[in-house]
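Following: one structure in structure tokens, then a few remarks.
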Amino acid sequence: MFEQAISAMASVVVDPYLLGLIFATTILGVIIGVLPGLGATTGAALLLPFTLTMDPVHAIAVLATIYVSATFAGSITAILINTPGTSAAAATTFDGYPLAQKGEAGRALGIAVISSTVGGIFSVLILCFAAPLLARVAYEFRSPEYFALTVFGLSMLASISAGGAVKNLIGGIFGVWLSTIGAERVTGIERFMFGNYELYEGLHFVPIFIGLFAISELLVQSKTVDKIIKTVSMKAVKLPTLEDYKKIWKTILRSCGIGTFIGVLPAEGATVASMIGYSEARRWSKNKKEFGKGSIEGIAGAEAANNAATGGAMVPTMVLGIPGSGTTAIILVGLMVHGLRPGVYLFTEQVEKVYQIFGSMFVANVMFMLMGLYAAKLFARVSLVPTQILWPIVFALSVIGAYAFQGQLLDVWLALIFGVIGFFARRHGFSVAPIAVGLILGEMVETNLQHSLKMFDGAWWMILTQPLALMFLVFAFLGLCGPVIFSWITKQKD
Amino acid sequence: MKNIYLVPLILSIFSLAVIAIALQLDTSPEMIVGDSMQARSFPIFLMILKLILIGILTFQFYKNNPKPVALEKYHTWGSMFLFLLFYLLTVYTDMFIGIFVVIFLMSILWGERRVWVAFLTATITPGLVFLLFDYVLKIRFPRGMLMNLYYG
């Protein structure tokens, strides 16, 4: 197994086509990351249709590369123009932009590049070791455990950073309901189809995701048309000095652990990881006063954590079929579309492909480091592409991408409808990621609940007698009610 | 009624409508469903859960009294109107005519003053995407005025 894994990972380096693909996708990922509003999730949603004719490993490598490179690239604009290219880079603006204003933009970017690379590579290594181990545990799972696990995954939506807990849960339930559209899997009864037989097999994820992430973002961006961007000039990206390394190595290591752990939690992602990484860097720092004024520890804390979350988020995605973030929800769809069924099967029958994907993520981390160091200044200019040119192009890519998935115009209309739904949801403070996660997990919840009921002759409470299922349900309960209970206890103590 | 309660109200009406539709769904014979649940049960359960959450959300709104959302400028509503225009043009003429018109008008609507830039964006983008999907990915586009000329 170990030798097989090593040789599969090494095969990425000797495959010129795959290397070229990762190189090109890294450039694209960095461009997507620096363009405010686009981000890893929108980029992956737009690119998914382009991967349909690719080999499965190449397709997932493309999506994973977009994920890691765009997550890093958000920091370039966060530092240079105080506008995070991705939400995961929001915490980087707190200290990155003040440092750039002091005339040390190159140093700030150097810290961000190195921290992101260490975070990304650390999480890929954890992914390589943790995923097969978790897959062994998952081998024991039956329907009650899977049902409880998906409930746990849905409960974690409550703690996604955007929106509030209640709004996120409403979005998640709406997503689960969307998964019930079409013929019911056991009885074949048509649900909410209104005579439209193109919906017989249910809503397909690709057009819905393009709508929710790309088209809704287009409408959100239409509000920023008049925004004026101020840039900070930069001479060159500087590598951190030995003094800098001494100051930040503990922060980077801490954030690597935080980011990977947060990433592994279902439905959490790089944004939450970077916020926690930043606040922990501040909490442990000896120079707390520097934070907010250009602290390199602040930049390192946020950047190492958000890239560490990328590898972490791939663990539940590939092992359990539960997305660790919005972008991994799209990667999960990519896996399904290409016949790579996430779960134990992937780690027993298709080990080579799994490790080739991990190897691709490793290579992508190294490539974005080189690009960050040598071409960040160039990429920063991309962010100045006028919105009135960029977003009409995104519209074209969205509608053609939605059509290309199945060759059905219905998918184009669905993408537009869900784009408008996503926009109104975001307008009123609802995040669209819970809808996407709910849509993916919906089928798993219902099917496993049905199977569990059959297993226990209709006695649903018997699910609670299964130790692992009970554990996940307790976690779900704590995830939902924990914050309320703890705040109540704290109030009582005060 | 305050505007802030409009969202919970719409969500509640939607949930009740889903429950009403779900109650009209066919039921399966006992021998097929067995000890499991009917096709209607799960969506109804979801909507009841959602109604409970909407209740909590309304209570939160009542306690916190959030500011009503400001109305967007014409760029946003105009873009949505362009989606409708895209639908009509795709159905009655051709998808690529729809894309060209929408890109061009969207660029102008969003503030592009150079008409030739908007025109070039509207021409080159769909052209390149078409070449990529048609030649490289071998995807056939829906028939319309332009595609009929191309496919014959």
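The values are calculated or read from the model by the stated rules, or taken from the named source; none is laboratory data. All of these numbers come straight from a predicted model, not from anything done at the bench. With ideal geometry, Cβ positions are generated from the backbone for all residues, glycine too; neighbour counts draw on all protein chains shown.
What the table below lists for this structure:
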| item | result |
| --- | --- |
| Region B:88-108 - residue that is facing chain A (nearest Cβ under 9 Å) and among the hydroxyl-bearing types (Ser, Thr, Tyr) and, of those, surrounded by the fewest Cβ atoms within 10 Å (Cβ to Cβ) | B:Thr90 |
| Number of the condition not met by A:Asn168 [criteria: (1) facing chain B (nearest Cβ under 7 Å); (2) crowded, with 24+ Cβ neighbours inside 10 Å] | (1) |
| Test: residue in region B:135-143 that is within 9 Å of chain A (Cβ to nearest Cβ) and in contact (Cβ under 8 Å) with a residue 40 or more places away in the chain | yes |
| Unique match (being over 18 Å from B:Ala39 (Cα atoms) and modelled with pLDDT of 90 or more) among A:Gly164, A:Gly175, A:Gly106, A:Gly120 | A:Gly120 |
| Among the candidates A:Val206, A:Val225, residue that is within 12 Å of another protein chain (Cβ to nearest Cβ) and either under 30 Å from A:Gly39 (Cα atoms) or surrounded by 23 or more Cβ atoms within 10 Å (Cβ to Cβ) (or both) | A:Val225 |
| Helices (runs of 4 or more DSSP H) completely within region A:386-494 that count 3 or more residues being more than 7 Å from chain B (Cβ to nearest Cβ) and either touching a strand residue (DSSP E or B) at 6+ places or on another chain (Cβ under 9 Å) or within 19 Å of A:Leu46 (Cα to Cα) (or both) | A:387-406, A:409-427, A:433-455 |
| Matching option when the condition is in a loop (DSSP other than H, G, I, E, B), surrounded by fewer than 17 Cβ atoms within 10 Å (Cβ to Cβ) and more than 9 Å from chain A (Cβ to nearest Cβ), among B:Leu85, B:Leu71 | B:Leu71 |
| Single residue of region B:109-152 satisfying the filter (closer than 27 Å to B:Trp77 by Cβ and among the charged types (D, E, K, R)) that is surrounded by the most Cβ atoms within 10 Å (Cβ to Cβ) | B:Glu112 |
| Any chance B:Phe59 is facing chain A (nearest Cβ under 10 Å) and surrounded by 14 or more Cβ atoms within 10 Å (Cβ to Cβ) | no |
| Boolean, B:Pro29 is surrounded by 13 or more Cβ atoms within 10 Å (Cβ to Cβ) and more than 7 Å from chain A (Cβ to nearest Cβ) | no |
| Count - residues of region A:97-147 that are in contact (Cβ under 8 Å) with a residue 24 or more places away in the chain, part of a helix (DSSP H, G or I) and either more than 24 Å from A:Ala64 (Cβ to Cβ) or among the aromatic types (Phe, Trp, Tyr) (or both) | 19 |
| Options A:Ile330, A:Ile258, A:Ile276; residue that is assigned to a helix (DSSP H, G or I), surrounded by 19 or more Cβ atoms within 10 Å (Cβ to Cβ) and in contact (Cβ under 8 Å) with a residue 60 or more places away in the chain | A:Ile330 |
| Candidate set: region B:5-14, residues that are more than 9 Å from every other protein chain (Cβ to nearest Cβ) and in contact (Cβ under 8 Å) with a residue 12 or more places away in the chain; chosen: the one surrounded by the fewest Cβ atoms within 10 Å (Cβ to Cβ) | B:Tyr5 |
| Residue match in region B:49-66 (condition: basic (Lys, Arg) and either touching a residue at least 40 places away in the same chain (Cβ under 8 Å) or not in a helix (DSSP H, G or I) (or both)) | no |
